1. Filter the stretch 11-33 down to residues that are away from the ligand (no atom under 13 Å from the Cβ) and touching a helix residue (DSSP H, G or I) at 6+ places or on another chain (Cβ under 8 Å), then give me how many there are.
2. For the stretch 41-54, what are the residues that are closer than 17 Å to residue 1 by Cα and either out of contact with any strand residue (DSSP E or B) (no Cβ under 7 Å at 6 or more places or on another chain) or without any contact (Cβ under 8 Å) to a residue 24 or more places away in the chain (or both)?
Ligand SMILES: [Zn+2]
């Protein structure tokens, strides 16, 4: 299962494991869903996505992004 899912309609990336109701992931259309290879926040940002303030900002402090 992928960790990150990008919404191309608003260019926001969510973390599926910690998503909140506010993320409205279930409303993201299939054609707007984007996954990343490798499945990292760094890759999502390289692809032009901004991290979601509802889910990813909450885990940023706990995640070592420099692995
Ligand atoms: Zn989110």
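Just so you know, all these numbers are worked out from the coordinates, no wet-lab data involved. What you are looking at is a predicted structure, and each value in this text was computed from that prediction instead of being measured. Positions of Cβ are backbone-derived with ideal geometry, glycine not excepted, and every protein chain shown enters the neighbour counts.
1. Going through the stretch 11-33 one residue at a time, the tally reaches 0.
2. 43
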